Amino acid sequence: MKIDPELAATVAAVADEGTLDAASRLLQVTPSAVSQRLKALEEQLGRVLVVRSKPARLTEAGEAVVRLARQIALLEHDALGELGLESERTTRTRIPLAVNADSMATWFLPPLARLSAAHDLDFDLHRDDQNFTARLLESGTVMAAVTSESAPVAGCSVSALGVLEYHAMGEAAFVERWFPRGVTRDALEAAPFVDFDRRDTLQHEWLTAMGVTPQGVPRHYVPASHDYALAVRLGLGWGMMPLLQQSDHQLVSLGGPPLRVRLYWQQWNLRSRVLDTIADEVAAEARRVLAH
């Protein structure tokens, strides 16, 4: 049995765009043609590939087909480059990547800008906590990811990038108000802190290291890296700030142990010139700005 690359690409387009109508615009065919392609491949494989919800959702079988479609597109991009026909492409190549919010806000975008200009690539970034980005590799949603997991996902290779170092920081007036006698356990139990979201554990880990149980301590949720840093600078609460974001002189260190999050680059274990080029550029930027 063979899977028609055009049909596989249609499933990937539906996954990327969220609806059959949007996929039809991307593929420049009618919505009816998209529906017919999906039906034809599902009947051929005997599997439901896409749950027709809004947005459309891939089944496990659909994820496998999307991985195939992305790999075909990647290999086609490489082959055209080797043949000197890359500049004749009518469509640019989309590269889906997963990255944690703090990396995106501090060091990850400059290498992508250089790569996009040099190689006609479009990057589709999926933001998630560094502890969860590897799941997007497993599902086939992305081709590579910045992750805190050192064990390779099945079918992927892994290499070390460096370390994001975090320190507990607060705005000067906030620290003066909440910690007039120093950063004591009693003060930490009362002072509000800022969490990125409900999967963010950095503040909890630091409180535990300081001998404070995080449960019951007041907190705010600000789920965007730049806005999180702004919230701490405005005195909404204290928070664990990446060393790369600590240029503000109004911030005061609360002391205690710094937290070091080791980052890794995982990508599909596929011989691909473009993926290897992306990995090299990202690794070079990481060596330049991250701790090791």
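The values are calculated or read from the model by the stated rules, or taken from the named source; none is laboratory data. Remember, it's a predicted structure, so these values are computed and weren't measured experimentally. Neighbour counts are summed over all protein chains in view; Cβ atoms, including those assigned to glycine, are modelled from backbone coordinates with ideal geometry.
Some points to look at:
- Looking only at the range 96-119, and only at residues there that are in a helix (DSSP H, G or I) and small (Gly, Ala, Ser), the one that is nearest to the chain's Cα centre (by Cα): Ala101
- Candidates Glu82, Glu60 - the one that is out of contact with any helix residue (DSSP H, G or I) (no Cβ under 8 Å at 6 or more places or on another chain), acidic (Asp, Glu) and not assigned by TED's automatic domain parsing to the domain that holds Arg273: Glu60
- Failed item in (1) assigned by TED's automatic domain parsing to the domain that holds Val289; (2) of a type outside the set (Asp, Glu); (3) over 27 Å from Asp200 (Cβ atoms); (4) at pLDDT below 90, with Gln130 passing the rest: (3)
Residues checked against (1) outside any loop (DSSP other than H, G, I, E, B); (2) over 17 Å from Ile72 (Cα atoms):
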residue: Lys2; (1), (2): no, no
residue: Ala8; (1), (2): yes, no
residue: Val11; (1), (2): yes, no
residue: Val14; (1), (2): yes, no
residue: Ala33; (1), (2): yes, yes
residue: Arg37; (1), (2): yes, yes
residue: Ala40; (1), (2): yes, yes
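- In the range 120-159, the residues that are in a strand (DSSP E or B) and more than 11 Å from the chain's Cα centre (by Cα): Leu121, Asp122, Phe123, Cys156, Ser157, Val158, Ser159
- Residue tally, condition modelled with pLDDT of 95 or more and over 21 Å from Val99 (Cα atoms), over the range 254-278: 5
- Considering (1) modelled with pLDDT under 90; (2) touching a Ser or Thr at 6+ places or on another chain (Cβ under 6 Å); (3) outside any helix (DSSP H, G or I); (4) surrounded by fewer than 22 Cβ atoms within 10 Å (Cβ to Cβ), the lone condition that Val48 does not fulfil carries the number (1).
- Boolean, Ser225 is farther than 22 Å from Arg114 by Cα and without any contact (Cβ under 8 Å) to a residue 60 or more places away in the chain: no
- Taking every residue in the range 11-28 that is over 14 Å from Arg94 (Cβ atoms) and pairing it with any residue that is crowded, with 17+ Cβ neighbours inside 10 Å and basic (Lys, Arg), at least 6 positions away or on another chain, the pairs with Cβ-Cβ distances below 9 Å are Val11/Arg37.
- If the condition is being surrounded by fewer than 16 Cβ atoms within 10 Å (Cβ to Cβ), outside any helix (DSSP H, G or I) and in contact (Cβ under 8 Å) with a residue 40 or more places away in the chain, then the range 259-286 contributes Arg260, Asn269.
- Neighbours by Cβ (under 8 Å, 6+ apart or cross-chain): first from the range 185-207, touching a residue at least 40 places away in the same chain (Cβ under 8 Å); second outside any strand (DSSP E or B) and charged (D, E, K, R): Phe196/Asp129; Asp197/Asp129; Arg199/Asp129; Asp200/Asp129
- Qualifying residue in the range 71-88 (condition: in contact with a Pro (Cβ under 6 Å, 6 or more places away or on another chain), closer than 28 Å to Pro31 by Cα and part of a loop (DSSP other than H, G, I, E, B)): no
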